[in-house]
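Written out below as structure tokens is the structure these notes cover.
The values are calculated or read from the model by the stated rules, or taken from the named source; none is laboratory data. In this text, all values refer to a predicted model and were calculated from it rather than measured experimentally. Because the Cβ atoms are built from the backbone with ideal geometry, glycine has one as well, and the counts that use them run over all protein chains shown.
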Amino acid sequence: MTVLYGGAFDPPHLGHVAVADAARERLETPRLVVLVSERPEHRDVVAPVEFRLVLARAAFQGDDVHLDPYPRTVDLLRRESFPDPIFVIGADQFAGFLSWKEPEEVLTLARLAVATRPGFPQLALDDVLERLGHPDRVLFFEIEPNAAASRDVRALAAAGEPLDDVVPAAVAEVLLERNPYRED
């Protein structure tokens, strides 16, 4: 089994780390393969991919951090070889899963592990699950609520504000040395 956790990580924050920690525990795996998306199709990025890789390595110490050169998950899964892959996503991503490129093929190539949090509308998740051809390939696990968001971290970093409560200490240290989010 290979547990994959992908994202833009622009920058990685404590919410990302909480998902990774919960996935490791729920899926009983000591390590994840963290995939930093070079060109995420679903969002714009601010920091260059090389810097986001540095930040991800700082955030996910002990995990395998790699570049994901594919803008879409199905392309990654078709072109790379991962034994029995489980792809970790958040509930908000799963709510939009049917808009992904070839979602049914994604489920053929990998199982999904969806991180849910209290208060997320269960109906949104159930609606997607009911429309899938292979709902048995989706498992859910709960995480503690975390309000961290990359856009908020970028705003704090741009203003030179402390980041201790929103990013891992190692990420904060990297951003002290070099900060692509600062507007000066």
Pair list, Cβ < 6 Å and 6+ apart or interchain, from the range 124-144 residues that are within 13 Å of Leu112 (Cα to Cα) to residues that are surrounded by 13 or more Cβ atoms within 10 Å (Cβ to Cβ) and among the hydroxyl-bearing types (Ser, Thr, Tyr): Phe140/Thr116
Sole residue being under 11 Å from Gly7 (Cβ atoms) and either of a type in the set (D, E, K, R) or modelled with pLDDT under 95 (or both), chosen from Arg31, Arg52: Arg52
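Report whether or not Leu139 is assigned to a strand (DSSP E or B) and either touching a strand residue (DSSP E or B) at 6+ places or on another chain (Cβ under 6 Å) or at pLDDT 95 or above (or both). Steps first, please.
On the way: assigned to a strand (DSSP E or B): yes; either touching a strand residue (DSSP E or B) at 6+ places or on another chain (Cβ under 6 Å) or at pLDDT 95 or above (or both): yes.
Considered against the rule, which asks whether it is assigned to a strand (DSSP E or B) and either touching a strand residue (DSSP E or B) at 6+ places or on another chain (Cβ under 6 Å) or at pLDDT 95 or above (or both), Leu139 comes out as yes.
For Arg131, are the conditions met, namely being basic (Lys, Arg), within 22 Å of Glu25 (Cα to Cα) and either at pLDDT 95 or above or in contact with a Ser or Thr (Cβ under 9 Å, 6 or more places away or on another chain) (or both)? Break it down stepwise before answering.
Values: basic (Lys, Arg): yes; within 22 Å of Glu25 (Cα to Cα): no; either at pLDDT 95 or above or in contact with a Ser or Thr (Cβ under 9 Å, 6 or more places away or on another chain) (or both): yes.
So Arg131 fails the test.
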Qualifying residue in the range 8-28 (condition: more than 15 Å from the chain's Cα centre (by Cα) and either part of a strand (DSSP E or B) or not charged (D, E, K, R) (or both)): yes
Tabulated pairs, the range 159-184, first within 21 Å of Val19 (Cα to Cα) and touching a residue at least 60 places away in the same chain (Cβ under 8 Å), second assigned to a loop (DSSP other than H, G, I, E, B) and among the polar types (S, T, N, Q), C-beta under 7 angstrom, 6+ apart or interchain: Ala170/Gln61
Ala58 in contact (Cβ under 8 Å) with a residue 12 or more places away in the chain, assigned to a helix (DSSP H, G or I), among the aliphatic types (A, V, I, L, M) and more than 19 Å from Leu4 (Cβ to Cβ): yes
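Name the residues in the range 53-98 that are among the polar types (S, T, N, Q) and in contact with a strand residue (DSSP E or B) (Cβ under 7 Å, 6 or more places away or on another chain), would you? Steps first, answer last, please.
As a first pass, look at the range 53-98 and keep what is among the polar types (S, T, N, Q): 61, 73, 81, 93.
Of everything in the range 53-98, just one residue is among the polar types (S, T, N, Q) and in contact with a strand residue (DSSP E or B) (Cβ under 7 Å, 6 or more places away or on another chain), namely Thr73.
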Among (1) over 21 Å from Ala149 (Cβ atoms); (2) assigned to a helix (DSSP H, G or I), the one test that Leu125 misses: (1)
